[in-house]
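Working notes, beginning with the structure itself.
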Amino acid sequence: MKSSRTIIEAISQRASEPLTFMEVCGTHTVSIFRSGIRSLLPPNISLLSGPGCPVCVTDQGEIDCAIDLLDTPSIMIATYGDMLRVPGTHGSLAGKKSEGREVQVVTSAAQALNLAKEHPKKEVVFLAVGFETTAPATAATILEAAKERVRNFSILCFHKKTPPVLKQLVQDPVLQIDGFILPGHVSVILGHSGYRFISKEYGIPCAIAGFEPMDILLAIADLTFQRTSCTAALHSLYPRAVRPEGNLKALNLLDSVFQSCSASWRGLGVIPQSGYQLKDSYSFFDAIPKLELTIPTPPPPHGCRCGDILSGHLVPSQCPLFAAQCTPMTPIGPCMVSSEGSCSAYYKYNRRGVSSWKKLPLATEAEDA
Ligand code: SF4
């Protein structure tokens, strides 16, 4: 307790000008809220949540594609639980399940493959979402499916890469981010090299952080010290888990099974080289050509500002629907559904606005909505 107070005092002494740091990862967002870190920081330090919730960044068209697929009776969708209640244009996976469609909640890609083996008359489609943390497990499952010649298994591959979206954020002329708190678990896979461009090319300090409150406080202190001493480097504050070279076994798995492709991110548009696509030798397991699917391009839910929130242009309380029409019981966008979503975290921990955590840079725009 004493050491955390010392760190906060050190941050307060150094933060002589307003600084905005983005925590990229949804797990960090929840840990920051849960531990009350925001309320302990000096007023000059603002924290902004980024596009690090895998459920939230899955594009509306990708959600619709999965939901529409359930109109085919022979299809079984296997998905992580957080995806169930994400509203699509015409309902949700949970809604389809309640109508008797085949939707199974799994905790891993390997479980989805087991479902395919147990249900040979069904085409089991795994909804493969998430970042570098979950993509290696999907790759390993594809290799297993190929080895065992499982013919009734495929994936909707909506995995996304972290560095390309960070590049888009640092190139955004509206955002003025003074430093990034980088995701510990993604870094376990990627190592350091994927992020170096942020400090080298754009002069923005970065700190790789673990998920304990002390890890996050140290990252904020590191970024504050870097910024106020006019330096910009990538520092790893999570060496107990992150090796500079990353997890070579996982990286090899990704290289064996996937190639890079453009990917559509909710609110951020199509970002080049930010997605994973199965290589030709594994394309049999790609549900899109296998089932002759097209990804629709619907508009976002009316009034929902998830896109602006994921891109750091707004905070949840600036969405006109926040805590009014949109609550965890009546979610309108994915950021209110996911356990790592910013809107959900704001609702749970600060919906009465007791902490003035964040300056409101685009308040006028929010009022105009
Ligand atoms: Fe979307 Fe609801 Fe968040 Fe508004 S509060 S941005 S409607 S999820």
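The values are calculated or read from the model by the stated rules, or taken from the named source; none is laboratory data. All values reported here derive from a predicted model rather than from experimental measurement. As a convention, Cβ positions derive from the backbone with ideal geometry for all residues, glycine included, and neighbour counts pool all protein chains shown.
Condition (residue is more than 19 Å from the chain's Cα centre (by Cα) and crowded, with 24+ Cβ neighbours inside 10 Å) applied to segment 304-318: is it met by at least one residue?
Checking segment 304-318: not a single residue is more than 19 Å from the chain's Cα centre (by Cα) and crowded, with 24+ Cβ neighbours inside 10 Å.
Residues in segment 331-347 that are surrounded by fewer than 24 Cβ atoms within 10 Å (Cβ to Cβ), at pLDDT below 90 and hydroxyl-bearing (Ser, Thr, Tyr): how many?
1
Rundown of residues vs (1) under 17 Å from LEU310 (Cβ atoms); (2) at pLDDT 95 or above, yes/no style:
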site: LEU48; (1), (2): yes, no
site: ASP64; (1), (2): no, yes
site: ILE67; (1), (2): no, yes
site: SER74; (1), (2): no, yes
site: ASP82; (1), (2): yes, no
site: THR89; (1), (2): no, no
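Could you run through segment 266-285 and say how many residues are under 21 Å from PRO164 (Cβ atoms) and modelled with pLDDT of 95 or more? Step through it out loud before you land on a result.
The first filter runs over segment 266-285 and keeps only residues under 21 Å from PRO164 (Cβ atoms), leaving 266-279.
Cutting the leftovers down to modelled with pLDDT of 95 or more gives us 270-279.
Total meeting the criteria: 10.
Cβ-Cβ below 6 Å, separation at least six or inter-chain, first residue in segment 290-319 and under 30 Å from ASN152 (Cα atoms), second within 13 Å of the ligand (Cβ to nearest atom): which pairs?
Filtered contacts from segment 290-319: PRO298/GLN60.
Looking at LEU253 and the list (1) without any contact (Cβ under 8 Å) to a residue 60 or more places away in the chain; (2) touching a Leu at 6+ places or on another chain (Cβ under 8 Å), which single condition is not satisfied?
Exception for LEU253: condition (1).
Which members of segment 315-343 meet the condition of being more than 8 Å from the ligand (Cβ to nearest atom) and under 26 Å from PHE211 (Cβ atoms)?
VAL315, SER317, PRO328, SER338, SER339, GLU340 - these are the residues of segment 315-343 that are more than 8 Å from the ligand (Cβ to nearest atom) and under 26 Å from PHE211 (Cβ atoms).
With TYR202, TYR238 as the choices, which residue is more than 22 Å from ASN44 (Cα to Cα), touching a residue at least 12 places away in the same chain (Cβ under 8 Å) and within 20 Å of the chain's Cα centre (by Cα)? Don't jump to the end; show me each part of the working.
Numbers: TYR202 fails: within 20 Å of the chain's Cα centre (by Cα).
The match here is TYR238.
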